[in-house]
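Asker: I have a structure here, written as structure tokens, and I will follow up with some questions on it.
The values are calculated or read from the model by the stated rules, or taken from the named source; none is laboratory data. It should be emphasised that the depicted structure is a prediction, and the values quoted were computed from it without experimental measurement. Quick reminder, even Gly has a Cβ in these numbers, built from the backbone with ideal geometry, and neighbours come from all protein chains shown. Surface accessibility is based on the protein's heavy atoms, side chains included, excluding ligands, DNA and RNA. Shrake-Rupley method; radii C 1.70, N 1.55, O 1.52, S 1.80 Å.
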Amino acid sequence: MHARPGTVTHGTAESLPAVTVEHLTKTFVRRSLVRRRRLQTVRALDDVTFHVQQREIFGILGVNGSGKSTLIRVLSTLIVPDAGTVRIFGCDLARDEAEIKRLINRVSVEASFFKKLSAMENLLYALRLYGRAGRGLRVDIVSILGRLGLEPGQISQPMEQLSRGMQQKVAIARAFLTAPVLLLLDEPTTGLDPRSKQDVQQFIRQLRDEHDATSILCTHDMDEAERLCDRIAVIDRGRLIAVDTADGLKRTAANLVGRPVATLEDAFFQLTGRDLHAEALEPVA
């Protein structure tokens, strides 16, 4: 098991934020297929600053292309920012990348597996990479997958025979079994059936309640954000618009428009001027 938040070497105070992001900026250049057309510069993250407390489930809410996934990729050490600083449990993203990788795990909408291997085989392989082995590991895997709704027979089936919802549950189990201090969730329930979505959401709560995990959840699902998240950051066109509880965001929106705002979706629209279901492409690193 990896160190819990209270034993991180760069700062042991319980009040230490899980994540501190200051003035984070990332710009991409979109290359045109037409040679004479000028290259387009897209600022995916524009001077973003926020913090996440230990054991918090922190939501990042935005339409596709708002910068959510870019932010998660930066926190996952997959993308190097152009400017700004990130600290995860006191570890600096630029200086302590190896240590940060031991503290985090990422679950994205596109979970990667060896499709010909079973869920058990995939998890055993992944956990060996994290240094986990021993006789009790198979028991742990069966227990976690069972809590997520997989039947014993499904655990031994090739991944290609499992539904996308089942594969996503295996990805959640893989993240949990590596004992992350920080779980980065990039649209983990997109495309799942209602029951699978509820199972995954319940498991995220259990990770916090039973194992002191901190989670950052990127989503465009307003109901999911309101049910799961302690606080929610609204991001639009790379800029952080507001950070508050769901009720706090509704109050802020109500003050802007001079009338009550009953839903988080309405609050999002008033704060950003964007349709929640507007389609846009996330800039590619």
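Asker: Looking only at region 194-215, which residues are touching a strand residue (DSSP E or B) at 6+ places or on another chain (Cβ under 6 Å) and either open to solvent by 60 Å² or more (accessible area, probe 1.4 Å) or among the aliphatic types (A, V, I, L, M) (or both)?
Answerer: Of everything in region 194-215, those that are touching a strand residue (DSSP E or B) at 6+ places or on another chain (Cβ under 6 Å) and either open to solvent by 60 Å² or more (accessible area, probe 1.4 Å) or among the aliphatic types (A, V, I, L, M) (or both) turn out to be I204, A213.
Asker: Given the conditions (1) at pLDDT below 90; (2) small (G, A, S); (3) surrounded by 22 or more Cβ atoms within 10 Å (Cβ to Cβ), report the number of the one that G191 does not fulfil.
Answerer: Of the numbered conditions (1) at pLDDT below 90; (2) small (G, A, S); (3) surrounded by 22 or more Cβ atoms within 10 Å (Cβ to Cβ), the odd one out for G191 is (3).
Asker: Between a residue in region 22-45 that is open to solvent by 80 Å² or more (accessible area, probe 1.4 Å) and any residue that is modelled with pLDDT of 85 or more and among the small types (G, A, S), which pairs come within a Cβ distance under 8 Å, given they are 6 or more apart or on different chains?
Answerer: H23/A83; H23/G84; R43/G238
Asker: How about region 1-86: which strands (runs of 3 or more DSSP E) wholly inside it have at least 1 residues that are more than 23 Å from T189 (Cα to Cα) and at pLDDT below 90?
Answerer: Fully inside region 1-86 and qualifying: 19-30, 40-52.
Asker: Also: Go through the residues of region 225-242 one by one and say whether even a single one is open to solvent by less than 40 Å² (accessible area, probe 1.4 Å), free of Cβ contacts under 8 Å to residues at least 60 places away in the same chain and more than 27 Å from L177 (Cα to Cα).
Answerer: Yes, some residue in region 225-242 is open to solvent by less than 40 Å² (accessible area, probe 1.4 Å), free of Cβ contacts under 8 Å to residues at least 60 places away in the same chain and more than 27 Å from L177 (Cα to Cα).
Asker: Looking only at region 100-119, how many residues end up being without any contact (Cβ under 8 Å) to a residue 40 or more places away in the chain and surrounded by 17 or more Cβ atoms within 10 Å (Cβ to Cβ)?
Answerer: So the count comes out to 1.
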